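Input: a single structure, listed below in structure tokens.
The values are calculated or read from the model by the stated rules, or taken from the named source; none is laboratory data. Everything numeric in this text was worked out from a predicted model, so none of it was measured. A quick note on method: Cβ atoms are made from the backbone with ideal geometry, for glycine too, and the neighbour counts reach across all protein chains shown.
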There are 2 protein chains.
Amino acid sequence: MNEKEQSILDASLKLFVEHGFHGTSTAQIAKEAGVATGTLFHYFNNKEELINSLYIHTKESLLKDISGNYDDKKSFKQNIKELWLKFNWFGINNSYMFQFILIFHTSPYITSLTKEHLENRYDELVEFYMQGTEKHEIKMVYNELLQDYFWGSIYSTVTHFQKYPEKLNEKNLNMAFELFWDGIKIG
Amino acid sequence: MNEKEQSILDASLKLFVEHGFHGTSTAQIAKEAGVATGTLFHYFNNKEELINSLYIHTKESLLKDISGNYDDKKSFKQNIKELWLKFNWFGINNSYMFQFILIFHTSPYITSLTKEHLENRYDELVEFYMQGTEKHEIKMVYNELLQDYFWGSIYSTVTHFQKYPEKLNEKNLNMAFELFWDGIKIG
DNA sequence: TGACATATTGACTAATCAGTCTATAAATAT
DNA sequence: ATATTTATAGACTGATTAGTCAATATGTCA
């Protein structure tokens with residue numbers, strides 16, 4: 001990845017989150033990135049291609065951070081907690097990226113081709129969940145609801161600590177996890 | 001509320017949700033509403049005033065739908081379930097409004113004056129919650145986290161049934177509530 | 001060295017935007 | 001009935017936008 005190309009993506013991430021896709025001009029992006037508009041269009045054919053690249057890079061970054069294997073030596077709860085924490089730390093440490101995913105995952109400017117490129121990688125995560133229901137460690141709730149419940153917990157926890165950074169500590173993060181876990185555990 | 005004024009707000013709601021604030025031109029709004037641009041600027045001095053009016057109307061509509069008093073004859077769980085359901089039905093039956101609130105509650109175009117106009121009305125809701133912690137029916141979790149947990153559950157449930165409308169029935173809605181309730185209940 | 005490709009620049013352009021203005025039409029008041 | 005205010009229309013304008021283009025610089029390879 002070229003240095004200028006990277007700074008264009010960095011500037012875009014910041015400005016798209018702060019002012020939206022249409023609220024950010026290519027001139028502003030170029031200025032923020034410290035390049036000329038011509039350079040921007042040298043690396044990206046148009047604005048839409050830019051946001052698609054950004055979406056791919058952001059999601060790749062998330063996938064990299066949350067990847068890791070199920071550890072049979074640990075309990076199911078511990079395994080799921082580690083995954084939950086990885087998601088949350090990603091959101092807390094990369095607030096622009098997290099907000100970008102939140103805002104733009106339904107954007108019409110992100111093409112279906114771009115989405116396909118990533119969607120199926122979450123399959124691993126889904127199977128991971130299934131393990132818990134099979135072993136009757138978590139409630140018999142259909143998969144789609146379980147996934148959305150999981151994501152809702154990540155969403156509310158990350159946005160909570162973005163809003164109240166002074167509340168961020170291990171105790172409160174565990175508290176937030178227990179809210180999530182007690183919702184799906186059996187008994 | 002004038003008929004044309006209302007159709008301008010309706011058109012704005014739809015287009016702002018679908019294409020964003022800057023992604024929607026005043027000409028498009030006027031066309032969708034079936035009026036001339038001059039009429040739009042007769043009712044709203046500028047685009048920002050339009051989105052602020054829209055925000056107020058949308059939140060007023062939400063507040064109207066979720067309002068109601070705590071019923072001492074019913075259990076705390078039942079009371080909170082009814083509130084939770086009111087929020088969810090609002091989101092399910094008014095998907096544009098719900099998405100609009102989600103997308104624009106942090107928008108810089110919604111002035112702090114507009115926000116103040118509504119924020120304090122949620123105080124009732126907060127006190128409602130406190131009742132549960134005082135009676136030790138729900139976990140001793142600090143208020144801000146509890147509120148964000150509540151909102152996260154609404155968010156994930158509404159977006160879930162927007163994504164999978166065929167899954168919407170009483171059984172699954174109750175299931176989603178139990179995920180939420182078991183997270184905060186004691187024991 | 002010299003030839004060719006790639007990188008970078010910023011002035012430029014056609015299209016689009018928010019908002020204005022003038023002209024009427026409809027409603028309301030005196 | 002007449003005057004005054006309010007509603008509606010759409011052509012128009014100055015500013016801004018995404019994207020182009022021609023010029024120049026830098027790198028690469030034989």
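Out of B:61, B:53, B:67, which single residue is within 22 Å of the chain's Cα centre (by Cα), on the phi < 0 side of the Ramachandran plot, within 16 Å of DNA strand D (Cβ to nearest atom) and in the same structural domain as residue B:179 (by TED's automatic domain parsing)? Outline the logic, then answer.
Working: B:61 fails: within 16 Å of DNA strand D (Cβ to nearest atom); B:67 fails: within 16 Å of DNA strand D (Cβ to nearest atom).
Residue meeting the stated conditions: B:53.
Which of the residues belonging to segment B:16-30 are near DNA strand C (Cβ under 10 Å from one of its atoms) and either more than 12 Å from every other protein chain (Cβ to nearest Cβ) or surrounded by fewer than 20 Cβ atoms within 10 Å (Cβ to Cβ) (or both)? Working first, answer last.
Going through segment B:16-30, the residues near DNA strand C (Cβ under 10 Å from one of its atoms) turn out to be B:19, B:21-30.
Residues satisfying the conditions are B:19, B:22, B:23, B:25, B:26, B:27, B:28, B:29, B:30.
List the pairs whose first member sits in segment A:22-42 and is free of Cβ contacts under 8 Å to residues at least 12 places away in the same chain, whose second member is near DNA strand C (Cβ under 10 Å from one of its atoms) and part of a loop (DSSP other than H, G, I, E, B), and whose Cβ atoms are under 8 Å apart, counting only residues at least 6 apart or on separate chains?
Qualifying pairs under 8 Å: A:22/B:21; A:22/B:22; A:22/B:23; A:23/B:21; A:23/B:22.
Only one of these is more than 18 Å from the chain's Cα centre (by Cα) and closer than 16 Å to residue B:178 by Cα: A:175, A:140. Name it.
Working: A:175 fails: closer than 16 Å to residue B:178 by Cα.
Of A:175, A:140, the one residue that is more than 18 Å from the chain's Cα centre (by Cα) and closer than 16 Å to residue B:178 by Cα is A:140.
Can you give me the ranges of the helices (runs of 4 or more DSSP H) entirely in segment B:23-93 with at least 2 residues that are more than 26 Å from residue A:20 (Cβ to Cβ)? Give the steps one after another, and end with the answer.
Working: elements: B:26-33, B:37-43, B:47-66, B:76-93.
Because the criterion is at least 2 residues that are more than 26 Å from residue A:20 (Cβ to Cβ), the helices (runs of 4 or more DSSP H) in segment B:23-93 that meet it are B:37-43, B:47-66, B:76-93.
Given the condition of a type in the set (D, E, K, R) and more than 14 Å from chain A (Cβ to nearest Cβ), answer yes or no: does some residue in segment B:147-156 qualify? Give the steps one after another, and end with the answer.
At the first step, the residues of segment B:147-156 found to be of a type in the set (D, E, K, R) are B:148.
If we keep only those that are more than 14 Å from chain A (Cβ to nearest Cβ) as well, we get none.
No, there is no match, as no residue in segment B:147-156 is of a type in the set (D, E, K, R) and more than 14 Å from chain A (Cβ to nearest Cβ).
Kindly provide the set of residues from segment A:1-47 that are within 12 Å of DNA strand D (Cβ to nearest atom) and among the β-branched types (Val, Ile, Thr), ordered by number. Give the derivation first.
Pass one, segment A:1-47, residues within 12 Å of DNA strand D (Cβ to nearest atom): A:2-3, A:12, A:15-16, A:19-31, A:35-47.
Hits for segment A:1-47 are A:24, A:26, A:29, A:35, A:37, A:39.
Name every residue in segment A:94-103 that is in a helix (DSSP H, G or I) and surrounded by fewer than 19 Cβ atoms within 10 Å (Cβ to Cβ), in order of residue number. Spell out how you get there, then give the answer.
Just the residues of segment A:94-103 that are in a helix (DSSP H, G or I), to begin with: A:95-103.
Of everything in segment A:94-103, those that are in a helix (DSSP H, G or I) and surrounded by fewer than 19 Cβ atoms within 10 Å (Cβ to Cβ) turn out to be A:95, A:96, A:101, A:102, A:103.
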